[in-house]
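Rule-based calculations on the coordinates, nothing more; no lab input. Model, not experiment: these values are computed from the prediction. Every residue, glycine among them, receives a Cβ derived from its backbone with ideal geometry; neighbour counts consider all protein chains shown.
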Amino acid sequence: MSITKEQVDKIAHLARLALTEEEAHAYATQLENIFNLVTVLQQADTAEVRPMAHPMDAKQRLRPDVITEGNEREVMQAIAPLTDMGLYLVPQVIE
Amino acid sequence: MMIHTLAEYQKQLLAKKISSLELTQFFLDKMAQHNALNSFITVCAETAKAQAIHADELRAQGKAGPLTGLPFAHKDIFCTRGIKTTCGSKMLDNFIAPYSATVTEKLDDAGMVLLGKTNMDEFAMGSSNENSFYGVVHNPWDTRCVPGGSSGGSAAAVASRIVPAASGTDTGGSIRQPAAFCGITGLKPTYGRISRYGMIAFASSLDQAGPMTQTAEDAALLLNAMAGFDVRDSTSLNVPVPDYTATLNDSLQGLRIGIVPSFFGDGLNSEIGAAIDNAKSVLEKLGAQCVEIELPHHELAIPTYYVVASAECSSNLARYDGVRYGYRAAQPVDLMDLYKRSRSEAFGQEVKRRIMMGTYVLSSGYYDAYYLKAQKARRLISEDFKAAFKNVDVILSPTTPDVAFKIAEKTHDPVKMYLSDIYTIAVNLAGLPAINIPCGFSGQLPIGMQLIGNHLTEARLLNIAHQFQQHSDHHQKVPMMESSS
């Protein structure tokens with residue numbers, strides 16, 4: 001299968017990555033090679049097979065709907081790049 | 001001071017022949033002497049000494065447990081409160097974990113002394129440790145070679161005996177492959193046996209922590225403390241933890257070992273094949289019987305893995321946004337620019353490649369063809385093992401198709417690098433436990449073999465590995481190293 005530079009640009013945007021021209025071209029070739037490795041999957045007969053999301057087929061555990069974590073805003077924001085008065089700061093989004 | 005295993009140091013501490021502080025200082029000195037290996041990202045000298053002093057006090061008060069005062073190292077993927085936790089990435093170069101991983105807490109509570117945080121492939125993605133933001137780790141047996149990955153720092157540190165033991169994590173072979181390349185014992189337990197809480201996520205349905213040690217006996221000691229149910233990990237198994245040291249000396253009489261003939265074909269270094277033949281005869285002398293088995297869907301393992309792992313990686317790593325913690329690009333013009341540049345500037349090439357791949361297989365129009373298809377193939381792979389374990393107790397295979405390769409030999413060809421995980425990957429897809437055990441040398445480079453067991457048979461794997469190590473000496477060999485100071 002072939003992967004175009006346009007496809008790479010689209011994936012990069014979805015993944016929120018900014019790629020240089022050089023990187024985009026390199027990734028197009030490398031992803032193509034990786035997908036060629038993956039094509040063998042298409043030949044597998046999986047018509048009657050249920051998808052497996054968890055290696056032990058475990059079900060999601062439920063717990064009582066009670067608060068277990070305290071408010072640790074200060075601790076968590078101490079490692080944030082930019083905060084002010086308990087708020088995370090980002091470039092202006094709303095005019 | 002002589003080099004010893006954890007179990008031996010345990011006896012010396014118990015007999016009060018050494019103190020934890022002496023032991024800790026001994027290893028801190030060795031780490032400094034051999035820092036050219038680059039096996040550490042962070043050395044915790046001061047906190048380690050404080051922990052050692054505390055451990056010695058506990059012992060004096062008669063409050064010491066089996067692991068109290070024993071030093072070790074953590075792979076830098078486990079969150080350690082107050083200590084930098086980088087996951088080998090520029091993204092987390094400034095990240096001081098606000099909480100500790102369950103594994104960190106457990107070993108801390110057991111009284112172990114944390115010597116430092118070991119180097120690793122960025123976000124555990126890699127098979128050579130060449131993807132670390134902190135530089136490549138050198139294989140102590142031949143410093144021109146890679147130590148394997150992603151737990152390459154832990155493997156190199158244990159192999160060179162600059163730490164007595166270390167933790168690792170294994171998503172597609174990241175404990176077993178570096179253990180094989182460096183000639184140590186490395187156990188990847190059953191998925192869910194050890195809590196993933198606070199272990200930085202790569203592919204959540206595959207990630208599993210485990211011990212990396214000189215011997216199976218040491219692995220049993222560490223697993224005793226690491227394993228167990230954790231309410232904070234939604235996929236943790238609520239199953240009692242046996243004493244893994246209690247069954248190490250069980251007999252191997254009647255043990256049925258499965259051998260997959262196609263694993264020993266052209267793709268395998270013939271010296272590895274010969275070393276495993278020797279190991280087979282050792283195990284047969286101990287009462288085991290080898291039986292040929294097939295894993296018909298094994299060729300699907302690598303493609304399935306790279307779809308599943310990449311998909312999970314792309315969603316797990318979406319959390320790095322330059323806003324809440326980690327790297328943030330300077331002077332962003334808008335929010336999109338902040339996201340894109342923070343991620344692009346701080347993630348390395350391999351991580352970006354996997355995020356791209358994962359985003360693609362999960363994107364609209366491709367989900368069924370790739371991700372869903374891979375999840376179905378995953379079941380086929382898992383069913384193969386289920387069928388095999390009806391006839392055999394364990395499966396013996398090579399851990400790697402070849403011994404450690406040269407630094408930079410495979411960095412330009414991701415596919416070639418991925419293919420080196422051929423023997424380890426299916427185990428993660430099926431959630432099985434498996435152990436690497438040293439079984440010979442090719443020239444000066446170690447050879448490892450892998451024993452795969454059914455779910456929750458860690459005790460049996462450790463028992464077989466221990467019995468093998470009682471009747472072989474490959475695990476006792478130590479590389480000759482020049483000190484760097």
Using only Cα atoms and rounding to the nearest 10 degrees, what angle (0 to 90) does helix A:21-38 make with the longest principal axis of chain A? 60
Surrounding net charge for B:Met125, when Lys and Arg each add one and Asp and Glu each subtract one, Cβ distance under 15 Å: -2
Could you work out how far the C-alpha centroid of region B:25-84 sits from that of region B:141-190, in angstrom? 18
Using distinct alpha-carbon pairs, which all enter the 1/r mean, Kirkwood radius of chain A in Å: 19.3
Let me know the shape class of region B:157-285, please: from the alpha-carbon gyration tensor, a ≥ b ≥ c as square roots of the eigenvalues, rounded when a/c is under 1.5, otherwise prolate if a/b is greater than b/c, or oblate. prolate
Based solely on its DSSP helices, what 222 nm [θ] is calculated for the protein assembly as shown when runs of n ≥ 4 H residues each add -39,500 (n - 2.57) and the sum is averaged over all residues, nearest 500 deg cm²/dmol? -11000 deg cm²/dmol
For region B:220-353, what is the convex hull (Cα atoms) projected area averaged across all directions, in square nanometres? 13.7
Let me know the Kirkwood hydrodynamic radius for chain B, please, with Cα pairs as the basis and the value in Å to one decimal. 22.3
Radius of gyration and Dmax over the Cα atoms of region B:47-123, both given in Å: 13.5, 44
Proximal charge balance of B:Leu419 [Cβ under 11 Å; K/R count +1, D/E count -1]: -1
Tell me, what is a quarter of the convex hull surface for the C-alpha atoms of the protein assembly as shown, in nm² with one decimal? 27.4
Set of aspartates and glutamates near B:Lys373 by C-alpha distance (under 14 Å), chain-local residues within fewer than 8 positions excluded: A:Asp45, A:Glu48
Hey, if you drop one equal point scatterer on each alpha-carbon of region B:147-203 and run the Debye formula without solvent, what base-10 log of I(q)/I(0) do you get at q = 0.13, 0.25, 0.27 Å⁻¹? -0.30, -0.97, -1.08
Add +1 for every Lys or Arg and -1 for every Asp or Glu among the other residues with Cβ under 15 Å from the Cβ of A:Ala26, and state the total. -3
Cα gyration tensor of region B:293-368 diagonalised, 5x eigenvalues square-rooted, in angstrom largest first, produces semi-axes 32, 13, 9
Once Rh is set to the Kirkwood radius over Cα pairs, what Stokes-Einstein translational diffusion coefficient, in µm²/s, holds for region B:353-485 at a temperature of 4 °C and a viscosity of 1.567 mPa s? 73
Listed by chain and number, the lysines with an alpha carbon less than 21 angstrom from that of B:Lys117, same-chain partners under 8 positions apart left out, are B:Lys30, B:Lys49, B:Lys75, B:Lys84, B:Lys90, B:Lys106, B:Lys188
Among all the lysines, which ones have a C-alpha under 18 Å from B:Lys376's C-alpha, if same-chain residues fewer than 8 places away are not counted? A:Lys59, B:Lys386
Any idea how far the Cα center of region B:240-292 sits from the one of region A:5-69, in Å? 35
Derived scalar couplings ³J(HN,Hα) [region B:83-88; Karplus, 6.51 cos²θ - 1.76 cosθ + 1.60; whole Hz; x for Gly, Pro]: 10, 3, 10, 9, 6, x
